[in-house]
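The values are calculated or read from the model by the stated rules, or taken from the named source; none is laboratory data. For clarity, every value in this text was computed on a predicted model and none was experimentally measured. Backbone-built Cβ (ideal geometry, glycine too); neighbour counts: all protein chains shown.
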Amino acid sequence: MVWLQAGRKLSFNLGDLFPNLSYPVIEKLDRSLLDSLFEAQRKSPPDRMGDNATKDFILRHVFGIAAELIANEVELLRALLRLHYGKTQLPPVLAQRLIQSLQLAPRPSSHAPDFKTWPLSEIVPDNEAFFGFLQERWPLFLSRLGSAYQVREDSPDKSAGQPIWTSRSDAQGGRTRDGEHQYGLKYPGPDRLPFDHQDIKVYIDNLFLEGKLTPVEAKDIEVDAGSWVRSGIATFGVDDDALRISRLFGLVEKELPTAEARYSDWTALALKWAELSALVHCGNSTEHQTRLREIGDALNTTFAGWLADHYASLINLPPTNPAMLHQVPRRLARDIEDQGRGIRGEGRVGVALIVVDGLALDQWVTIRLSLQKQDANLVMRESATFAWIPTLTCVSRQSIFSGKPPLYFPSSINSTNSEEKLWKQFWEGHGLSRLDVAYQRGLGDGNAAGVLDSAIHPGKTKVVGLVVDKVDKIMHGMQLGSAGMHNQIKQWCQGGFLAELVGQLLEYGYEVWLTADHGNIQCEGKGCPSEGVIAETRGERVRVYPTPELRAQVAGAFPFAHEWQPVGLPADYFPLLTSGRDAFVKVSETIVGHGGVAIEEVIVPLVKFERRTG
């Protein structure tokens, strides 16, 4: 007997959910902010509000910024640090309101500084500009502790386009003996910032640890190894790396997300974990490697549990800040539309997406350092996003080029041969001709400019999709584990292909992005199923079966594997994943593989490149 129950259709709009807030303001917010705003509205019910009052309410209750209460430079700097350190992108409509409030609103104290001299229009909405503003002023702070500094124009740029500061014994407080400024600051505003204030220094210490700020040389300043200032002073020795690794371990352990964390908490942690992992894998300390593995195992146990409960909720999030790879093309499509309307990207001719097959987030750190040395004017806006599970090229990379979850391409789920067709279909759906769209794969060696000349027509080609598979080839031939991966990736980068590729695309006028279809992890064999042809995919970290019954049959014989629910996958696609660092290979054999749910495989880099001007 079948029981039927009458249902009713429910519908909601933003006006119903936020009746006392301005609808034109609410509709411009990223949907990921609405949960926090709804909770704020519940706790502090607002009266009927206009546009500006709504913006102020959101700034105060969602972002924790009350512009009218910022009375001095310490409070302003603390507010900006909280904003940018948290990787929370302030929507343009709110950034404009905050800038206006800071510049025009009367301060509570008659002795408060005039914030009109601060470059607020640059450092409020832009993380990179804010960190550049801090980077320029760090040596001026150090000059109060010891010797003075000035820009050394002929030095190799260790700070990726920021000025290089060196000791100058005949200068005091940033001025030469004749009183002329020698700093060459790009950003206007106060020369000195209160870095040593108790509310500020904890942020600054972490920014250096995480690689967002670059330490500078300070040969004449002596500080204790445990001092917070130490992380911002470079001596380029083994002790520096060891100290930074030790402090990053502490930072990561302190900030490990819980089972109820938001996806943004995991991406923020993954960026820190990548910085730490890159340092450890490039070092020679067995102690550090052991500790990294132990923390990583605990981290991935929690992460796997979180994915089981929350992964499905990521699929339909808005693409403004892509939470998953299939949302990346939709973000690029918005950028194309904005270029057409003249909203942003003045002078841009289109967008280019570079997909580095198999690039883990920690390996991106190694690539970033190499790119900084090769091109000092390259700006890299780093973020991270979730790959598709199972983390296989045919699943996750196709989701990038199709702009859709894998359930929409069941006929090609086991191959990558349809990528070009899917890529062009996506852009046709956004109003472009197939002739406006280029796709090229199998890249990584040779002359990058020559590759582009054969693939695109600058001025005509509006969208470019490029697959660099060099890292994936390194991975599948790797016998020296994660350390070997970093070493070979570094050698490859020194060849200059990627730097030339990015530079040439920027030169042509494209908005350039880089991501990866999945990462990778060093793992050990626990045994390989002898299943004949019943598995449609036989990977090192995942097996895929056409029915749940066949999957369960194999799972029973391999207790280290678990059945992954087919979230967003075709109806006849049932993955069996290994746990932790285990792999479906010969017992005790060490490999670098992918396909599973480790954070190193799932959370991948998403980077926007720009050229620094001025």
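Within the stretch 88-124, the set of residues being at pLDDT 90 or above, part of a loop (DSSP other than H, G, I, E, B) and surrounded by fewer than 20 Cβ atoms within 10 Å (Cβ to Cβ) comprises Pro119 only.
Residue-wise test of (1) more than 14 Å from the chain's Cα centre (by Cα); (2) modelled with pLDDT under 95; (3) of a type outside the set (A, V, I, L, M); (4) part of a strand (DSSP E or B).
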position: Val355; (1), (2), (3), (4): yes, no, no, yes
position: Gly358; (1), (2), (3), (4): yes, no, yes, no
position: Gln372; (1), (2), (3), (4): yes, yes, yes, no
position: Trp388; (1), (2), (3), (4): yes, no, yes, no
position: Thr391; (1), (2), (3), (4): yes, no, yes, no
position: Arg397; (1), (2), (3), (4): yes, no, yes, no
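Might you let me know whether the stretch 230-248 holds any residue that is assigned to a helix (DSSP H, G or I), out of contact with any Lys or Arg (no Cβ under 9 Å at 6 or more places or on another chain), closer than 16 Å to Glu601 by Cα and in contact (Cβ under 8 Å) with a residue 60 or more places away in the chain? There is no residue in the stretch 230-248 that is assigned to a helix (DSSP H, G or I), out of contact with any Lys or Arg (no Cβ under 9 Å at 6 or more places or on another chain), closer than 16 Å to Glu601 by Cα and in contact (Cβ under 8 Å) with a residue 60 or more places away in the chain.
Of all residues in the stretch 546-574, those that are of a type outside the set (A, V, I, L, M) and over 21 Å from Ala304 (Cα atoms) total 6. All of Ala438, Ala387, Ala449 fail the test of being touching a helix residue (DSSP H, G or I) at 6+ places or on another chain (Cβ under 6 Å), surrounded by fewer than 16 Cβ atoms within 10 Å (Cβ to Cβ) and outside the structural domain of Arg541 (by TED's automatic domain parsing), apart from Ala449. If you go through the stretch 12-39 and keep only what is over 19 Å from Arg334 (Cβ atoms) and under 23 Å from the mean Cα position of the chain (by Cα), you end up with Asp35, Ser36. A count restricted to the stretch 186-229 and to residues that are surrounded by fewer than 19 Cβ atoms within 10 Å (Cβ to Cβ), among the basic types (Lys, Arg) and either within 27 Å of Glu255 (Cα to Cα) or assigned by TED's automatic domain parsing to the domain that holds Arg78 (or both) stands at 1.
Listed here are the residues, each with its yes/no results for (1) of a type in the set (A, V, I, L, M, F, W, C); (2) under 23 Å from Thr385 (Cβ atoms).
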| position | (1), (2) |
| --- | --- |
| Gly403 | no, yes |
| Ile413 | yes, yes |
| Arg434 | no, no |
| Ala483 | yes, no |
| Lys490 | no, no |
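Report whether or not His181 is modelled with pLDDT of 55 or more, over 30 Å from Ser277 (Cα atoms) and surrounded by fewer than 18 Cβ atoms within 10 Å (Cβ to Cβ). Answer is no for this residue.
Taking first residues from the stretch 277-299 that are over 14 Å from Leu248 (Cα atoms) and partners that are at pLDDT 95 or above and hydroxyl-bearing (Ser, Thr, Tyr), the Cβ contacts under 8 Å between residues at least 6 apart in sequence or on separate chains come to Cys282/Thr366.
Residues that are in contact (Cβ under 8 Å) with a residue 24 or more places away in the chain and part of a helix (DSSP H, G or I) within the stretch 488-502 comprise Ile489, Lys490, Trp492, Cys493, Gln494, Phe497, Leu498, Ala499, Glu500, Leu501, Val502, listed in sequence order. Leu353 - would you say it is surrounded by 22 or more Cβ atoms within 10 Å (Cβ to Cβ) and within 21 Å of Leu577 (Cβ to Cβ)? Against the criterion (surrounded by 22 or more Cβ atoms within 10 Å (Cβ to Cβ) and within 21 Å of Leu577 (Cβ to Cβ)), Leu353 does not qualify. None of Val464, Val437 is within 25 Å of the chain's Cα centre (by Cα), among the β-branched types (Val, Ile, Thr) and at negative phi except Val464. For Gly527, the criteria (1) assigned to a loop (DSSP other than H, G, I, E, B); (2) touching a helix residue (DSSP H, G or I) at 6+ places or on another chain (Cβ under 8 Å); (3) in contact (Cβ under 8 Å) with a residue 40 or more places away in the chain hold in every case but one, which is (2).
Let's see how each residue does on (1) assigned by TED's automatic domain parsing to the domain that holds Ser402; (2) crowded, with 16+ Cβ neighbours inside 10 Å:
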| site | (1), (2) |
| --- | --- |
| Gly509 | yes, no |
| Val542 | no, yes |
| Ala555 | no, yes |
| Ala571 | no, no |
